[in-house]
Amino acid sequence: MTAPAFRSPLVRWLDHRLPIFTFMRHELHEYPTPRNLNYWWNYGSLAGATLIIMMISGVILAMHYTPHTSMAFDSVEHIMRDVNYGWLIRYIHTTGATMFFAVVYIHMFRGLYYGSYKAPRELLWILGVVILLLMMATAFMGYVLPWGQMSFWGATVITSLFSAIPWVGSNIVTWLWGGFSVDNATLNRFYSLHYLLPFVILAVVALHLVALHRFGSNNPLGIDVKGAQDSIPFHPYYTVKDLFGLVLFLLVYSWFVFFAPTALLAPENSIPANSLVTPSEIVPEWYFLPYYAILRSIPNKLLGVVAMFGSIMVLFILPWLDRSPVRSAKFRPVYRPMFWVFLGACVVLGWVGGQRPDDMVHGVPVVVIGRIATAYYFFHFLILMPLLGLFERPLPLPQSIGKSVLESGRVFGSAALPAKRT
């Protein structure tokens, strides 16, 4: 098989020895993509762009940060006050964490709605869950680095959860701390891992893309591509669409960076860490709040830790829990409204995680609301989805993507083709 012809002799010379241009041409020009992808499919590329922004800004911050308990807080202040545009780099990084989790959560909920976890894309979904776990670990360790009050006490509380594990729990906590308390050894190992894990995430993202391109993208109809009439080249159609989405995303990102950089940051973290003064409320970042609510909803500490980790582990077996032959919720009359109930339960868990445990809402304790939402979370995955696969009667599926797109008149914003008269 001969390599594609390139006009530039230099490009041909390089491509003959390192076929990177052939690879790019295949991925952009020859890679067939379903022709009906909507803007919910932009969030994967937005997550990739945010990861690159986070890695670049993180490397720059690491040049000025000192991972020592007596100097970490002051080094962050040095970045904010003395380093040229240090404030901008730090706010890009801290805001990027929020934006990264936001686009990844939307990306995953889109996959849940359209059945992107089903065969033959099970491994693609599992790699996505691995990325989520790595993101959580990276974000938690990064939150400790400023060495403010919430950094110190957040690290103490979260790592102490492992002590609930029978027999080996205390040993695990000592290993995580690097001693018998959250101290300099803890900060050093968290700093090292926070720097390393983004590169691990990047490697898993590469595997995620390889798995994606093995069977191609899912689509809103959830049916397989049938020939050239159902697909179009990725470039220029989806590169333009992704670039348009990226511009809008960067506008929102920039607004937070320049006008509300501390809106989602804990004010207590602007105070140096003090092991003798406990904050009145120890609350994690918003993207951890649903899991924190699940943890608090169960009175038993060990069961709470199991439920918290189980809420993520259940995602690994999701492709085998949902036995429905139909992917997209558009053709599942029962699953579709239940998906929105599930989304509402996740939002409620996030809200509950940010409240005080003894708060009341119209006479109902917040912890009771959290228990109801937690129960539905596991009910949705472990009971409802397997039962729907057995008893739900899906709607008829379209014959092909191309026919459905032409009949609906949505051909990338152009006018619908006139129907042929017979």
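The values are calculated or read from the model by the stated rules, or taken from the named source; none is laboratory data. Since the structure is predicted, the reported quantities are computational estimates derived from the model, not experimental observations. Cβ sites come from the backbone with ideal geometry, for glycine too, and all protein chains shown count toward neighbours.
Residues in segment 108-164 that are outside any helix (DSSP H, G or I), under 21 Å from LEU207 (Cβ atoms) and aliphatic (A, V, I, L, M): ALA119 only.
Please find, within segment 143-175, the residue that is surrounded by the fewest Cβ atoms within 10 Å (Cβ to Cβ) out of those that are farther than 28 Å from THR95 by Cβ and among the hydrophobic types (A, V, I, L, M, F, W, C).
From segment 143-175, those farther than 28 Å from THR95 by Cβ are 160, 162-175; that's our starting set.
Those still in the list that are among the hydrophobic types (A, V, I, L, M, F, W, C) too: 162, 164-165, 167-168, 172-173, 175.
On the way: PHE162: 17, ALA164: 15, ILE165: 15, TRP167: 6, VAL168: 11, ILE172: 14, VAL173: 19, TRP175: 13.
That would be TRP167.
Answer yes or no as to whether LEU250 is out of contact with any Cys (no Cβ under 9 Å at 6 or more places or on another chain) and without any contact (Cβ under 8 Å) to a residue 40 or more places away in the chain. Here the answer is yes, as LEU250 does meet what is asked.
The set of residues in segment 231-266 that are under 18 Å from ALA139 (Cα atoms) and exposed (fewer than 14 other Cβ atoms within 10 Å of the Cβ) comprises THR262, ALA263.
Considering only segment 222-270, how many residues are outside any helix (DSSP H, G or I) and of a type in the set (Ser, Thr, Tyr)?
2
What number of residues in segment 3-35 are free of Cβ contacts under 8 Å to residues at least 24 places away in the same chain and outside any helix (DSSP H, G or I)? Full working, then the answer.
Keep residues of segment 3-35 that are free of Cβ contacts under 8 Å to residues at least 24 places away in the same chain, which gives 3-26.
Filter once more, so that each one left must be outside any helix (DSSP H, G or I): 3-8, 18-19.
Residues in segment 3-35 being free of Cβ contacts under 8 Å to residues at least 24 places away in the same chain and outside any helix (DSSP H, G or I): 8 in total.
Just wondering, is there one or more residues in segment 36-48 that are surrounded by 14 or more Cβ atoms within 10 Å (Cβ to Cβ) and not in a helix (DSSP H, G or I)? Yes, there is a match, as at least one residue in segment 36-48 is surrounded by 14 or more Cβ atoms within 10 Å (Cβ to Cβ) and not in a helix (DSSP H, G or I). Within segment 143-187, being farther than 21 Å from THR278 by Cβ and touching a residue at least 60 places away in the same chain (Cβ under 8 Å) holds for ILE165, PRO166. Here ARG296 fulfils each of the conditions (1) in a helix (DSSP H, G or I); (2) of a type in the set (D, E, K, R); (3) modelled with pLDDT of 95 or more apart from (3).
Any idea which residue in segment 324-365 is surrounded by the fewest Cβ atoms within 10 Å (Cβ to Cβ), counting only those that are among the basic types (Lys, Arg) and at pLDDT 95 or above?
Going through the qualifying residues, I end up with ARG336.
Do any helices (runs of 4 or more DSSP H) lying entirely in segment 324-393 carry at least 2 residues that are out of contact with any strand residue (DSSP E or B) (no Cβ under 6 Å at 6 or more places or on another chain), under 24 Å from ILE282 (Cα atoms) and touching a residue at least 60 places away in the same chain (Cβ under 8 Å), and which ones are they?
Numbers: elements: 335-353, 366-379, 385-391.
So the answer is 335-353, 366-379.
In segment 201-214 there is no residue that is within 22 Å of ALA49 (Cα to Cα), in contact with a Ser or Thr (Cβ under 7 Å, 6 or more places away or on another chain), of a type outside the set (A, V, I, L, M, F, W, C) and in contact (Cβ under 8 Å) with a residue 24 or more places away in the chain. As for segment 6-17, it holds at least one residue that is under 30 Å from LEU212 (Cβ atoms) and crowded, with 17+ Cβ neighbours inside 10 Å.
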